[in-house]
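No lab work stands behind these numbers, since they all come straight from the coordinates. Everything numeric in this text was worked out from a predicted model, so none of it was measured. Methodologically, a virtual Cβ is constructed for each residue, glycine included, from the backbone with ideal geometry; neighbour enumeration extends over all protein chains shown.
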Amino acid sequence: EGLLPDIGCKERSLIQVAAKEEIYQQMTEAIIDLDDEKVDALVQTSIDMGLPALEVIVEGLSPGLTIIGDEYARNDRFMSDLMIAGQIMNDAMEKVLPTAEIEASIANRKPGENVMVIGTVEGDLHNVGKRIVAAFFSGAGIKTIDIGENKSAEEFVAAIKKYKPTVVGASAIIGPVVGYCGKIHQAMVEAGVRDDVIFITGGWGMTPEWCDGVGADTFGETAFDALEKVKALLHGDAPRWRDRVKK
């Protein structure tokens, strides 16, 4: 029946698994090669085959971005490569798992599943670095909602109340608005949600001491660094802001 009429169910299943693994391998290689057209075609193939969206992201898309991130950390890649890969990843994720579906999956998530809300702070319209971070976190299986750019502290709090994330990320690339991260922290405190989330920042001139001053749990120098630090915080392997300031 169908495309494979002369073989049994077991053989058909093995062929389908092999085809799926080949697609994921090609997807990973296409991201490494920064081949956006090939990634788009492979994502469409995965959709046509009915492959699970999260599996496509984690097994097909994420490994390529992780490899590029590792190469960048070793100075074997340019920042522009990382930015292009992040854009390809974001476009692919929006195709395979539209924002509306992400929101629905968050609303019905299982206990213990991590969710991230990320946005660029008020006064800053940059979005490339934020989108790369969102891509890394999504690729790691952390459902991520990007609330956009130029977002006020109140809008961050509203998103926290709506999506109930475990992680909140604030991007501040422009020097004069970096301190706005402190306003987001204070707004979370006043809303009674600060202790419910890990608050990570990223952008211009951030240090551990700066994080202590604005109320951030940590900061990310790169998308890979941000992900590793958040993983450590989620697992209890690193102190959060509230623990550091008590010392």
Calculated [θ] (222 nm, deg cm²/dmol) that DSSP helices of n ≥ 4 give over the chain, each run adding -39,500 (n - 2.57): -17000 deg cm²/dmol
Could you let me know the centre-to-centre spacing of segment 210-247 and segment 52-106, using Cα atoms, in angstrom? 23
Interchain or sequence-distant (5+) residues whose placed amide H lies within less than 5 Å of the amide H of T144 are M116
Cα centroid of segment 170-206 to Cα centroid of segment 110-134, whole Å: 12
Taking every other residue with Cβ under 13 Å from the Cβ of E228 and scoring Lys and Arg +1, Asp and Glu -1, one gets -2
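If you add up the charges near G148, with Lys and Arg at +1 and Asp and Glu at -1, over every other residue whose beta carbon is less than 15 angstrom from its beta carbon, what do you get? List each step's numbers first, then the result.
Details: positive: K130, R131, K151, K162; negative: E94, E103, E122, D124, D146, E149, E154, E155.
Counting the neighbours of G148, the net charge comes to -4.
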Over the alpha carbons of segment 139-247, what is the largest minus smallest coordinate on each principal axis, giving the biggest first in Å? 31, 30, 27
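Considering only DSSP states other than H, G, I, E and B, which chymotrypsin sites (Phe, Trp or Tyr not before Pro) in segment 182-239 qualify as loop sites with at most 16 other Cβ atoms within 10 Å? Write out the running numbers ahead of the final one.
On the way: sites: F199, W204, W210, F219, F224; in loops: W204.
Within segment 182-239, the qualifying chymotrypsin sites (Phe, Trp or Tyr not before Pro) (loop, at most 16 other Cβ atoms within 10 Å) are W204.
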Starting from the Cα of A158, step 7 Å along the direction of its Cβ; do the same at V189; then give the gap between the two resulting points in nm. 2.4
Rounded to the nearest 0.05, FRET efficiency between L125 and Q87 (Cβ-Cβ, R0 25 Å) equals 0.95
GNM result for the chain, Cα springs below 10 Å: residue of A191, A216, A18 fluctuating most strongly: A18
Pick from G50, G86, G141: which is most flexible by mean-square fluctuation in a GNM of the chain where alpha carbon atoms under 10 Å apart are linked? G50
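So what is the diffusion coefficient of segment 9-97 in µm² per second by Stokes-Einstein at 25 °C and 0.890 mPa s, using a Kirkwood Rh over Cα pairs? It would help to have the intermediate numbers written out before the result.
Numbers: Rh = 13.2 Å.
Using the Kirkwood radius from Cα pairs, D works out to 185 µm²/s.
Normalised by the residues of the chain, what does the relative contact order come to in percent, with Cα pairs under 8 Å and at least six apart? It would help to have the intermediate numbers written out before the result.
Numbers: 368 pairs, mean separation 35.6, N = 247.
Rounded, it is 14 percent for the chain.
Please label the shape of segment 36-159 as rounded, prolate or oblate, based on the square roots a ≥ b ≥ c of the eigenvalues of the alpha-carbon gyration tensor (a/c under 1.5 means rounded; beyond that, a/b larger than b/c means prolate, else oblate). Don't skip to the end; give the middle numbers.
On the way: a/c = 1.79, a/b = 1.10, b/c = 1.62.
Here segment 36-159 falls in the oblate category.
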Total charge of the residues flanking V56 in space, meaning their Cβ is under 11 Å from its Cβ, with Lys and Arg +1 and Asp and Glu -1, is 0
